[in-house]
Amino acid sequence: VTLAIGDGGNDMAMLNEANVGVSVRTGNQNNILGLTDYSVETFSDLQRLMYLHGTWSFVRIVKVILYSFFKNFMLIIPQFLYSFYSKSSGTSLYDSWLILSFNLFFTSLPILYVGLFDKSMPSNRLIQ
């Protein structure tokens with residue numbers, strides 16, 4: 001993942017190619033605002049953007065990935081063990097509606113909660 005920080009002028013190509021582009025507003029450069037993902041007033045505002053929001057985003061992504069692995073293990077391991085019990089007859093342990101509701105309630109709702117409301121550390125501790 002690449003982060004490009006620029007204030008316009010010669011930085012437009014770099015900001016366009018980066019995965020995350022941050023523009024620093026210096027004067028009347030409205031043409032660069034459409035190319036960037038984030039815009040800050042001064043270079044000192046980059047500290048809050050990178051340390052605070054970057055850390056929170058990283059922790060949220062890690063939690064979502066780990067939760068997805070855990071959820072899939074909890075869904076597949078009982079089916080795997082049931083295949084030995086049923087002598088690999090091809091019957092399913094769960095009905096299709098049960099798998100659908102499991103994926104809906106145990107996947108989407110907790111992940112939405114983590115993605116929207118989780119803050120791993122207080123902001124004043126991260127900025128120090």
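The values are calculated or read from the model by the stated rules, or taken from the named source; none is laboratory data. What you are looking at is a predicted structure, and each value in this text was computed from that prediction instead of being measured. When we count neighbours, we look across all protein chains shown, and the Cβ atoms used for this are built from the backbone with ideal geometry, even at glycine. When the accessible area is computed, the model is the full protein with side chains, heavy atoms only, and any ligands, DNA or RNA have been set aside. Shrake-Rupley method; radii C 1.70, N 1.55, O 1.52, S 1.80 Å.
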Leu66 passes all but one of the listed conditions (1) in a helix (DSSP H, G or I); (2) surrounded by 11 or more Cβ atoms within 10 Å (Cβ to Cβ); (3) out of contact with any helix residue (DSSP H, G or I) (no Cβ under 9 Å at 6 or more places or on another chain); the exception is number (2)
Subset of the stretch 34-63 [in a strand (DSSP E or B) and not aromatic (Phe, Trp, Tyr)]
Ser39, Val40
So, of the residues in the stretch 6-27 that are touching a residue at least 12 places away in the same chain (Cβ under 8 Å) and among the hydrophobic types (A, V, I, L, M, F, W, C), which turns out to be nearest to Ser44 (Cα to Cα)?
Val24
Exactly one of these conditions fails for Asp118: (1) of a type in the set (Asp, Glu); (2) within 30 Å of Val24 (Cα to Cα); (3) free of Cβ contacts under 8 Å to residues at least 40 places away in the same chain. Give me its number.
(3)
For Ser39, state whether it is of a type in the set (S, T, N, Q) and either modelled with pLDDT of 85 or more or more than 30 Å from Asp7 (Cα to Cα) (or both).
no
List pairs: first residue in the stretch 43-56 and modelled with pLDDT of 80 or more and open to solvent by 30 Å² or more (accessible area, probe 1.4 Å), second residue part of a helix (DSSP H, G or I) and of a type outside the set (Val, Ile, Thr) anywhere in the structure, Cβ distance under 6 angstrom, at least six positions apart or on different chains.
Thr55/Leu126
In the stretch 88-102, the residues that are part of a loop (DSSP other than H, G, I, E, B) and aliphatic (A, V, I, L, M)
Leu93
For the stretch 106-122, indicate whether the set of residues that are over 30 Å from Trp56 (Cα atoms), of a type in the set (A, V, I, L, M, F, W, C) and part of a helix (DSSP H, G or I) is non-empty.
no
